[in-house]
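Remarks on the structure that follows.
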Amino acid sequence: GLPKERHERPMLSLDKTKEVERLKEFLGTKKAMISWKLDGLTLVVTYDGGKLTKIVTRGNGHIGTNITHLAPAISGIPATISEKGHLVVRGEAVISYSDFEQFIIESEGDYANPRNLASGSLTLKDIEEVKQRHIQWIPFTLVYTERELTSWGERMQMLKDLGMNPVERERIDHPTTENIQLEIDKFTEKVTSKKNPFPVDGLVICYDDTAYAATGSVTGHHA
């Protein structure tokens, strides 16, 4: 089998809630970011000296599988970046609905949904075969950077500047119940009108202030 790797920082599960009131309590008056919880497979991507050094699956949150050899077959993971320090990024490997439908038509494959196809694809050895699945990697957390960045928004912007395509997100400057609900409704409307190209299984709300977020026992909530 493929080599196993221990994650630099373990991946914790998110707390779940369906109540906007609970989100309001969680945020208090702190600025927040809301983004998709993409429904794929989490891959942790590491760079050193401006070069991609490894790609590891989430696994059990502590130890994952090293699939660095598949890098050329996954779009959205640059082989080189301008940042020369140590950089660790978590992102979701996803297949869009349209690519999934196309693949099913062409291959007559038996996959229930894009997530299952992505999951099956990442166990393959043949890079050409994986390329045909059109897997895209979308970063959602900058786990480690040597730069002094104090907000999640800044961290996402840094990834964008490095040529990555971070998850769609919105900032909530004044987290009143109404404002939180408004943003949730905007994202929900995209799902119901099928304007979101990728499968999602919820939303994630986190503090924009990453230093403050690090003091808590929870890393975020999904709504």
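The values are calculated or read from the model by the stated rules, or taken from the named source; none is laboratory data. On a predicted model such as this, the values are computed, not experimentally measured, just so you know. Counting neighbours? That spans all protein chains shown, and the Cβs are built from the backbone with ideal geometry, glycine included. Protein only, heavy atoms only, side chains kept; ligands, DNA and RNA dropped before computing areas. Shrake-Rupley method; radii C 1.70, N 1.55, O 1.52, S 1.80 Å.
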Quiz item: How big is the convex hull of the Cα atoms of the stretch 56-104, per residue, in Å³?
Solution: 123 Å³
Quiz item: Which pairs, out of Lys4/Lys37; Lys4/Lys84; Lys16/Lys131; Lys4/Lys54; Lys4/Lys125, put more than 23 Å between their alpha-carbon atoms?
Solution: Lys4/Lys37; Lys4/Lys84; Lys16/Lys131
Quiz prompt | Cα Rg, Dmax (largest Cα-Cα span) when computed across the stretch 141-223, Å | solution = 14.0, 41
Quiz item: Relative to the compact globular guide of 2.2 N^0.38 Å, what is the alpha carbon radius of gyration of the stretch 31-90, as a ratio?
Solution: 1.23
Quiz item: Got a sec? Charge dipole of the chain, +1 on Cβ for Lys and Arg, -1 for Asp and Glu; which of Asn60, Asn116, Val94 is way out at the positive end?
Solution: Asn60
Quiz item: So between Lys4 and Leu124, what do we pick up on full extension, going 0.36 nm a residue minus the alpha carbon distance?
Solution: 41.6 nm
Self-check item: Rounded to whole Å, sorted largest first: equivalent-ellipsoid semi-axes of the chain, Cα gyration tensor
Solution: 29, 23, 15
Quiz item: Can you give me the pair-distance distribution of the stretch 1-127, C-alpha pairs, 10 Å bins, whole percents?
Solution: 10, 34, 32, 19, 5, 0
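Defining a contact as two alpha carbons under 8 Å apart and six or more residues distant in sequence, what relative contact order in percent does the chain show? Provide the component values of the computation, followed by the final result.
On the way: 434 pairs, mean separation 71.5, N = 223.
Relative CO of the chain lands at 32 percent.
Accessible area per residue of the stretch 75-154 at 1.4 Å probe, in Å²? List each step's numbers first, then the result.
Details: 4160 Å² over 80 residues.
Spelled out: the 1.4 Å probe surface of the stretch 75-154, per residue, equals 52 Å².
Report the charge-dipole magnitude of the stretch 88-223 in Debye, nearest 20, computed about the Cα centre from +1 at each Lys and Arg Cβ and -1 at each Asp and Glu Cβ.
Working: 14 positive and 23 negative charges, 22 e Å.
Rounded to the nearest 20 debye, it is 100 debye.
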Quiz prompt | Principal axis dimensions, the stretch 57-139 - Cα atoms, whole angstrom, descending | solution = 44, 28, 22
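Sorted by average packing, counted as other Cβ atoms within 10 angstrom per residue and highest first, what order do 81-88, 13-20 take? If you can, show how the numbers build up before the last one.
Values: 81-88: 15.8, 13-20: 12.5.
So the order, starting with the most tightly packed, is 81-88, 13-20.
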